[in-house]
């Protein structure tokens, strides 16, 4: 579907949520039963180049989809999917974060509630003998998936084939884990998106003085399960985003020892932004952008 059409959908969705009024929700409500991030998906027409970047960050390819050009990368508790299917590849050619899958208690219930709140469903492309994973449209043509099979039995047991002789659960480099996602939004759109995440997913806004890492811009929301953050960043005055104004921009990785993580990643060839205001320190670090759009932010995680 065209990006403009998707933008209209998301604008309508956030407007619908706001116009319905903000519900009186008990503090720390979690009506979707969100329990973390199941996977984050990149879509690209250059899967080998992106794969090299991911491997330098500690991810390992562990399985391939049975019917589509999709590869599962993993380290520790993090699953990352690279989708190179021709029908999904971005027209610009550069990798984009195209989906975030949320772990929930009941995927059908979570999806139905979001649709009732004004979200737009994503048609399923599941083929015979493949799982149908319900999803709604997100910013910039991205998707939010709902996954309830992630404990003893996972979605990868059905749709993916393990790569032979590869360890299926490689340990995380420097004990890294998903810390959050950074979303770029349009000018003066913070209130719209805060209302969206509060009402749709029961996220809650953090006070401005509560910040993490070395990029304290925008607004921070915490997931209802408390396991990850969502950062909303508007363009600065006079600035225009190079990409779509509403897009998932980068992934935040938590580490209990950022300095050790930076050292290990540098030994693997990862380069970091070295500026006076963005110099890697104990609080966080930012990798250089590669392939035009791919960067990772390291953030101190208090275990």
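The values are calculated or read from the model by the stated rules, or taken from the named source; none is laboratory data. Keep in mind it's a predicted model, so treat the numbers as computed, not measured. Positions of Cβ are generated from backbone atoms using ideal geometry, with glycine treated the same way; all protein chains shown enter the neighbour counts.
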Of residues in segment 222-236 being under 16 Å from residue 139 (Cα atoms) and not in a loop (DSSP other than H, G, I, E, B), the one farthest from the chain's Cα centre (by Cα): 233
Failed item, numbered, when residue 135 is tested on (1) without any contact (Cβ under 8 Å) to a residue 40 or more places away in the chain; (2) buried (at least 20 other Cβ atoms within 10 Å of the Cβ); (3) on the phi > 0 side of the Ramachandran plot: (3)
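Residue by residue, here is whether (1) under 24 Å from residue 230 (Cβ atoms); (2) modelled with pLDDT under 95 holds:
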position: 98; (1), (2): yes, no
position: 103; (1), (2): yes, no
position: 106; (1), (2): yes, no
position: 125; (1), (2): no, yes
position: 130; (1), (2): no, yes
position: 133; (1), (2): yes, yes
position: 149; (1), (2): yes, yes
position: 152; (1), (2): no, yes
Qualifying residue in segment 105-119 (condition: buried (at least 18 other Cβ atoms within 10 Å of the Cβ), part of a loop (DSSP other than H, G, I, E, B) and either under 19 Å from the mean Cα position of the chain (by Cα) or not assigned by TED's automatic domain parsing to the domain that holds residue 223 (or both)): yes
Residue in segment 158-181 that is free of Cβ contacts under 8 Å to residues at least 12 places away in the same chain, in a loop (DSSP other than H, G, I, E, B) and either under 18 Å from the mean Cα position of the chain (by Cα) or surrounded by fewer than 21 Cβ atoms within 10 Å (Cβ to Cβ) (or both) present: yes
Single residue of segment 27-66 satisfying the filter (touching a helix residue (DSSP H, G or I) at 6+ places or on another chain (Cβ under 8 Å) and in a loop (DSSP other than H, G, I, E, B)) that is surrounded by the fewest Cβ atoms within 10 Å (Cβ to Cβ): 66
